[in-house]
1. Kindly evaluate Leu80 against the criterion of being closer than 28 Å to Ala124 by Cα and in contact with a strand residue (DSSP E or B) (Cβ under 6 Å, 6 or more places away or on another chain).
2. State whether the residues of the stretch 94-107 include one that is touching a Leu at 6+ places or on another chain (Cβ under 6 Å) and under 21 Å from Gln35 (Cβ atoms).
3. If you scan the stretch 80-94, which residues turn out to be surrounded by fewer than 22 Cβ atoms within 10 Å (Cβ to Cβ) and not hydroxyl-bearing (Ser, Thr, Tyr)?
4. Name every residue in the stretch 126-162 that is assigned to a helix (DSSP H, G or I), over 18 Å from Pro105 (Cβ atoms) and of a type in the set (D, E, K, R), in order of residue number.
5. Quick check: is even one residue across the stretch 109-126 of a type in the set (Lys, Arg) and closer than 24 Å to Leu156 by Cα?
6. Any residue that is closer than 18 Å to Ala154 by Cβ and at pLDDT 85 or above - is there at least one of those in the stretch 86-99?
7. From the list Phe67, Phe61, Phe71, which residue is at pLDDT 85 or above, in contact with a helix residue (DSSP H, G or I) (Cβ under 9 Å, 6 or more places away or on another chain) and exposed (fewer than 10 other Cβ atoms within 10 Å of the Cβ)?
8. Looking only at the stretch 48-71, count how many residues are free of Cβ contacts under 8 Å to residues at least 12 places away in the same chain and within 14 Å of Leu37 (Cβ to Cβ).
Amino acid sequence: MWNLMLRKFKMGRLTEKGGNSLTQQKSSIPSSFRQSLQARHLDCGSCNGCDWELTALGNSFYDHQHFGIDFVASPRHADLLMCTGPASTQLVMAAHETFEAMAKPKWVVAVGDCAVDGGVFKGAYASANGMGEVLPVDVKIPGCPPKPEDIINALLEFMGKR
């Protein structure tokens, strides 16, 4: 042990001092939300493809909780509303009620092509052309369905961790 200490004193510091080598962009969310984010998932008439990808975030391969992202059951506990689907006319009122039940500050994420701009349901009589026409969308994650890596990366970028 003495040999190791003497070698350390003789050689000095061998590693770089300070944080990581990645540069982080400034996020628009307050710093208190950058450590953990509570999300509520709302299905607004999707085909369930995006829902399954959101479910996959919880498995051991993607592990969303490792990054401080957690899904909650109540909109009153949520900071973030993750919407899937084109906002069918039957679910527009539910989307508004869920959004209004959330505490401020609150953000909305459109997950999948249907939620971003209507997707394959664009122009249909029973749906809006995406969640942007129903709620103020802050983050859009395109894809049909988007890969779990894309969802995690978008949320981490939103949190200011990437």
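1. Considered against the rule, which asks whether it is closer than 28 Å to Ala124 by Cα and in contact with a strand residue (DSSP E or B) (Cβ under 6 Å, 6 or more places away or on another chain), Leu80 comes out as yes.
2. Looking for residues that are touching a Leu at 6+ places or on another chain (Cβ under 6 Å) and under 21 Å from Gln35 (Cβ atoms), one finds at least one in the stretch 94-107, hence yes.
3. Gln90, Leu91, Val92, Met93, Ala94
4. Once the filter is applied, which keeps residues that are assigned to a helix (DSSP H, G or I), over 18 Å from Pro105 (Cβ atoms) and of a type in the set (D, E, K, R), the stretch 126-162 yields Glu133, Glu149, Asp150.
5. No, every residue in the stretch 109-126 fails to be of a type in the set (Lys, Arg) and closer than 24 Å to Leu156 by Cα.
6. Looking through the stretch 86-99, none of the residues is closer than 18 Å to Ala154 by Cβ and at pLDDT 85 or above.
7. Being at pLDDT 85 or above, in contact with a helix residue (DSSP H, G or I) (Cβ under 9 Å, 6 or more places away or on another chain) and exposed (fewer than 10 other Cβ atoms within 10 Å of the Cβ) holds for just one of Phe67, Phe61, Phe71, which is Phe61.
8. The qualifying residues number 2.
The values are calculated or read from the model by the stated rules, or taken from the named source; none is laboratory data. Keep in mind that what you see is a predicted model, and the values were worked out from it rather than measured. Reconstructed Cβ throughout: ideal geometry from the backbone, glycine too, with neighbour counts over all protein chains shown.
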